[in-house]
Amino acid sequence: MGRIVVEVMPKPEILDPQGKAVMGNLPRLGFDQFTGVRQGRRFELTVDGPVTDAHLAAAAEAAEKLLSNPIIEDVVSVTAAPADGTDATSNSEEA
């Protein structure tokens, strides 16, 4: 079974109150090395069999038409997840 990851972020000119709230709390928890936070959304779509170019094209179209609000959000990536089930973007030191 294949998996496609779609990531959606607020457009740069749109205020991000959730990101601002997270940014305000990071220094209080000792994380003072970060200078900004933007919070987005992630969707995982599964398909039968391996992910093909046709699947990616359909996912990109779905992302533009349904998964994002094009007035305030950008689709920043539509990618096939690794076949081994791991997430290439995750940190191996997760709690």
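What follows draws every value from the coordinates through simple rules; no lab data is involved. This is a predicted model, so every value here is computed, not measured. Cβ coordinates were reconstructed from backbone atoms using ideal geometry, including for glycine residues, and neighbour counts include every protein chain displayed.
Just order 66-72, 53-59 by mean Cβ neighbour count inside 10 Å, highest at the front, would you? Spell out each step's value before the answer.
Numbers: 66-72: 13.0, 53-59: 14.7.
Most protected by this proxy first, the peptides run 53-59, 66-72.
What is the sum of charges around V76, taking Lys and Arg as +1, Asp and Glu as -1, for the other residues whose C-beta is under 13 Å from the C-beta of V76? Please list the in-between numbers first.
Numbers: positive: K11, R38, R41, R42; negative: E7, E64, E73, D74.
Once positives and negatives cancel, what remains is 0.
Relative to 2.2 N^0.38 Å, what does the C-alpha radius of gyration of segment 1-59 come to as a ratio? Two decimals please. Could the numbers behind the result be given before it?
Numbers: Rg = 16.7 Å, N = 59, 2.2 N^0.38 = 10.4 Å.
Ratio of Cα Rg to 2.2 N^0.38 Å: 1.61.
For the chain, which span is the longest to avoid every loop-located (per DSSP) member of GluC sites (Glu not before Pro) having at most 10 other Cβ atoms inside 10 Å? Don't jump to the answer; show the numbers that get you there.
Details: sites that count: E13, E93, E94.
Between exposed loop sites, the widest span is 14-92.
So what's the back-of-envelope 222 nm ellipticity for the chain, counting only DSSP H runs of four-plus at -39500 (n - 2.57) apiece and dividing by all residues, rounded to 500?
Dividing the helical sum by the residues of the chain leaves -6000 deg cm²/dmol.
Quick check: the angle from helix 53-62's long axis to the longest principal axis of the chain, C-alpha only, nearest 10 degrees?
50 degrees
I need the chymotrypsin sites (Phe, Trp or Tyr not before Pro) found in segment 8-88, filtered to DSSP loop residues with at most 16 other beta carbons within 10 Å of theirs.
Passing sites in segment 8-88 are F31, F34.
Given A21, P50, M9, which one lies farthest toward the positive end of the charge dipole of the chain, if we put +1 on the Cβ of every Lys and Arg and -1 on the Cβ of every Asp and Glu?
Comparing the listed Cα positions along the dipole, A21 ranks first.
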